[in-house]
Amino acid sequence: MSDDVTISSSNDTVYLFNSLSIENAIGSAIILVVSVVGIAANGLSAFLLLRLSAFRNSFGLLASCHAIGNCGVLAAFLLWASPTSIFGIPDVPSWNRANLLIGQASLFFQTNSFHSTVFISINRLVAIAFPSTYSVFVFSFAAFIDLLTLTRLHSANTKLSQVRHNQSNASSDAARRQKKEVLFFVQSFVNTILYCFMLVCFHIIAPLEWVSSNRFTSFLSTTFIWEISHALGGVILVGFNREIHRRIRHPRDLLNSETIQAKATTTIQHSTLSAQPVYKAVSF
């Protein structure tokens, strides 16, 4: 019997455009496009997270593990799911074994991605909740030291003003760091919502009769939503991190591990040193 059959007496499945072959081709094309975009976004994000000095911390390592897990899942879609959607899987033991192995590999990378998301959430909780209490303690201790310094070192006004200036810069850096931590939390939260939506589609929406009765809507609520959730993980990484999408806009800076902030700090320090007065001995 031809593939271009809408409904048979033994199968009530509805095909897109009344053709199974066209539906398979469209599904394969969707899988191909999403996987290519997702691998590009996640792969580039993982590379930059490991490369940039600003992300050489626990969050950067966890985020790179998450992006690598997404790349693994999307590679299975690209190299296996997309071509087999058109050509099918031959009923041969070796092909069936390969299908099982690729499925297990994709589940491994998906589990890695899920666990990375959990640990990123824990990392954000620690980074935001505890440092807020810690900063209060540090500020109080610093205020006590400043008061003691003022009472004991009246003759060091010049040096004390310089210390105050440095403390002001430190407070500004702490505020900027806290803002970055909150932005990382929002990124983690958006990723979590995305995965929750994927699970809702899998376990609640996909089993509905009006969804499962149509082969293409069933594909959208399961395979497509699974793939797009991993692809958007890389897009979210790019969107929430200024350093990453700045490097994407300027490809010549991809191999440069120094961040904008590091460059600015180095420039300020150099300018400060250059501005120091130079005293020369005067002979009479």
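Selection of region 55-102 for residues being without any contact (Cβ under 8 Å) to a residue 40 or more places away in the chain, polar (S, T, N, Q) and in a helix (DSSP H, G or I) yields SER64, THR84, SER94, ASN96, ASN99.
Which of the residues belonging to region 214-245 are modelled with pLDDT under 85 and touching a Ser or Thr at 6+ places or on another chain (Cβ under 9 Å)?
Step one: list which residues in region 214-245 are modelled with pLDDT under 85, which gives 241-245.
ASN241, GLU243, ILE244 - these are the residues of region 214-245 that are modelled with pLDDT under 85 and touching a Ser or Thr at 6+ places or on another chain (Cβ under 9 Å).
Here LYS263 meets each of (1) among the charged types (D, E, K, R); (2) surrounded by 12 or more Cβ atoms within 10 Å (Cβ to Cβ); (3) assigned to a helix (DSSP H, G or I); (4) at pLDDT below 80 with one exception, condition (2). For VAL14, work out the one condition from (1) touching a strand residue (DSSP E or B) at 6+ places or on another chain (Cβ under 6 Å); (2) modelled with pLDDT of 90 or more it doesn't fulfil. Answer for VAL14: the failing condition is (2). In this structure, does LEU52 turn out to be under 18 Å from TYR195 (Cβ atoms), buried (at least 19 other Cβ atoms within 10 Å of the Cβ) and either modelled with pLDDT under 95 or in contact with a strand residue (DSSP E or B) (Cβ under 9 Å, 6 or more places away or on another chain) (or both)? So LEU52 does not fit the description; no.
Conditions (1) in contact with a Ser or Thr (Cβ under 8 Å, 6 or more places away or on another chain); (2) among the charged types (D, E, K, R); (3) under 23 Å from ARG252 (Cβ atoms), marked per residue:
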{"site": "TYR15", "(1), (2), (3)": "yes, no, no"}
{"site": "GLY27", "(1), (2), (3)": "yes, no, no"}
{"site": "ILE30", "(1), (2), (3)": "no, no, no"}
{"site": "ASN42", "(1), (2), (3)": "no, no, yes"}
{"site": "LEU49", "(1), (2), (3)": "yes, no, yes"}
{"site": "SER53", "(1), (2), (3)": "yes, no, yes"}
{"site": "GLY60", "(1), (2), (3)": "no, no, yes"}
{"site": "CYS65", "(1), (2), (3)": "yes, no, no"}
{"site": "ASN70", "(1), (2), (3)": "yes, no, no"}
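Summed over region 199-241, residues that are farther than 23 Å from ALA76 by Cβ and basic (Lys, Arg) total 0.
Okay, residues lined up against (1) surrounded by 12 or more Cβ atoms within 10 Å (Cβ to Cβ); (2) outside any helix (DSSP H, G or I); (3) modelled with pLDDT of 90 or more:
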| site | (1), (2), (3) |
| --- | --- |
| ILE120 | yes, no, no |
| ARG124 | yes, no, no |
| PHE130 | no, no, no |
| PHE137 | no, no, no |
| ALA143 | no, no, no |
| SER155 | no, yes, no |
| LYS159 | no, no, no |
| SER168 | no, no, no |
| LYS179 | no, no, no |
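Within region 78-100, being closer than 22 Å to VAL36 by Cβ, loosely packed, with under 13 Cβ neighbours inside 10 Å and either under 29 Å from the mean Cα position of the chain (by Cα) or hydroxyl-bearing (Ser, Thr, Tyr) (or both) holds for one residue alone: LEU79. Exactly one residue out of PHE202, PHE219, PHE189, PHE197 is of a type outside the set (Val, Ile, Thr), crowded, with 18+ Cβ neighbours inside 10 Å and part of a helix (DSSP H, G or I), and it is PHE219.
In region 205-216, what count of residues is obtained for those that are surrounded by 14 or more Cβ atoms within 10 Å (Cβ to Cβ) and touching a residue at least 60 places away in the same chain (Cβ under 8 Å)?
The total comes to 3.
The values are calculated or read from the model by the stated rules, or taken from the named source; none is laboratory data. Remember, it's a predicted structure, so these values are computed and weren't measured experimentally. In this analysis, Cβ positions are derived from the backbone assuming ideal geometry, glycine residues included, and neighbour counts consider all displayed protein chains.
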